[in-house]
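The values are calculated or read from the model by the stated rules, or taken from the named source; none is laboratory data. None of the values given here were measured: they were computed from a predicted structure. Positions of Cβ are generated from backbone atoms using ideal geometry, with glycine treated the same way; all protein chains shown enter the neighbour counts. Ligands, DNA and RNA are stripped out before the accessible areas are found, and what is left, the full protein with its side chains, is counted by its heavy atoms. Shrake-Rupley method; radii C 1.70, N 1.55, O 1.52, S 1.80 Å.
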Amino acid sequence: MIESMTIKRRLFFSNLRMIFIGLVALSLIGRVVVFIVYGQGFMERLAALDTRLASFLLFLALFTIAASLLSNFFTHRMTKRIVKPLEPLGEGVRQIQAGNLAHRIDYTGDDEFLPICQAFDEMAARLEASNAQQKKDEASRRELIAGISHDLRTPLTSISGCVEGLDTGIASTPAMQERYLGFIKNETAHMKHMIDQLFLFSKLDMDEFPLNLHRVDVSAMLCEMIEDSLAMYESRGLSVHFAEMPQAVFVNADVSLFRNVVVNILENSIKYKTSDQGRMDISAYCTAGNIFLRFADDGPGVDAQSLPKIMDVFYRADPSRNKKGSGLGLAISAKIIQGMGGDIHAESPNGGDGGHGLVIVIRLPIAPEQGGAN
């Protein structure tokens, strides 16, 4: 029964109990004092007090009624102070249940309810952010499926056409047959590369691909990775140039996966270059415990709206999607760099107006002087 009582009733009966217990205690203490003071004459004194008992009981009844009225009055006021802050909390719960995760409690009181309302707002903010991330992930998955479907359909259609040509005898000469087989081989290799990239991205996305981090000199590592392939990139129409790089700056990196990042950036520049000979300028600078690696090419620019999205899965700034590539390279690069404690983003060399050139910037935290990840 008590469990179903309202706060107001609980406070009222609690006040009455305190009054009754106080009166009983006062009466007992009075009797003890009389006994101690009068000793053997206690019973005589007690009998003399019996004549006043009726008056005392009447006074007690009147006092109890007055105390009950006062208790009800103060209980009502106290209940209003308690229930009033609960109203916006209740409204907040109803709004969250209705799906309005942007609702916040406007509570200005400076009492015990303030941290509760603040905690509610923090919970609502986390729910809103989680819901937004979930919608973004769902959109990414839909884009992933659409991208896979598109990028697998094209080479499969080409392979199917070549196989049909070989089967029906269209490729009637050894030279044509060799050309068809070579085309099938190239398209198969392209599909395998795309599937390998997709597998790597999936493992990184699920945190099932452990990074083998070592403390390495980032400038030396980067130069070594590219210098061995300068001639190859030059033959494919991309000249790579290094600015003066900071020396003896160490980071915790997975060398093999970092090579994957660098290759993805350079391949992206080759893929989208607009002239026979493109250019890539690589520079670096340190600030606030981080080293920033800057890869700037002279290819087509990207508009400001697309810049934050080019690290997303299967996103291409070119809406026609007519260039080869899985669309996974920069998304994989972002996952790898994040696993190393850094981040990667794209920017325009001319203030983000979508003009000439694209810059990829990688931030990596500088490793401590001693120790480091193993």
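So that you can scan it fast, the table gives a plain yes or no per residue for (1) over 23 Å from Arg363 (Cβ atoms); (2) over 26 Å from the mean Cα position of the chain (by Cα):
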{"residue": "Leu230", "(1), (2)": "yes, yes"}
{"residue": "Val263", "(1), (2)": "no, yes"}
{"residue": "Ala288", "(1), (2)": "no, no"}
{"residue": "Leu293", "(1), (2)": "no, no"}
{"residue": "Gly299", "(1), (2)": "no, yes"}
{"residue": "Asp312", "(1), (2)": "no, no"}
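Condition first: touching a residue at least 24 places away in the same chain (Cβ under 8 Å) and surrounded by 13 or more Cβ atoms within 10 Å (Cβ to Cβ). Can you find one or more residues in the stretch 172-183 that meet it? Yes, the conditions are met somewhere in the stretch 172-183. Among the residues of the stretch 115-143, those that are of a type in the set (A, V, I, L, M, F, W, C) and under 20 Å from the mean Cα position of the chain (by Cα) comprise Ala119, Phe120, Met123, Ala124, Ala125, Leu127, Ala129, Ala132, Ala139.
For the stretch 214-292, which fully contained strands (runs of 3 or more DSSP E) count at least 2 residues that are open to solvent by 60 Å² or more (accessible area, probe 1.4 Å)? Let's see the steps before the verdict.
On the way: elements: 214-217, 238-242, 250-253, 278-287.
Filter on the stretch 214-292 gives 214-217, 238-242, 278-287.
Within the stretch 134-156, the set of residues being open to solvent by less than 90 Å² (accessible area, probe 1.4 Å) and either farther than 16 Å from Ile195 by Cα or among the acidic types (Asp, Glu) (or both) comprises Asp137, Glu138, Ala139, Ser140, Glu143, Asp151. When we screen Leu238, Leu200, Leu204 for residues that are closer than 16 Å to Asn264 by Cα and in contact with a strand residue (DSSP E or B) (Cβ under 9 Å, 6 or more places away or on another chain), the only hit is Leu238. So, Ser160, is that one more than 30 Å from Ile336 (Cβ to Cβ), open to solvent by 40 Å² or more (accessible area, probe 1.4 Å) and part of a helix (DSSP H, G or I) or not? Yes, satisfied. Look at (1) part of a loop (DSSP other than H, G, I, E, B); (2) more than 25 Å from Asn290 (Cβ to Cβ); (3) open to solvent by 80 Å² or more (accessible area, probe 1.4 Å) and you find that Ile195 fails only one, number (1).
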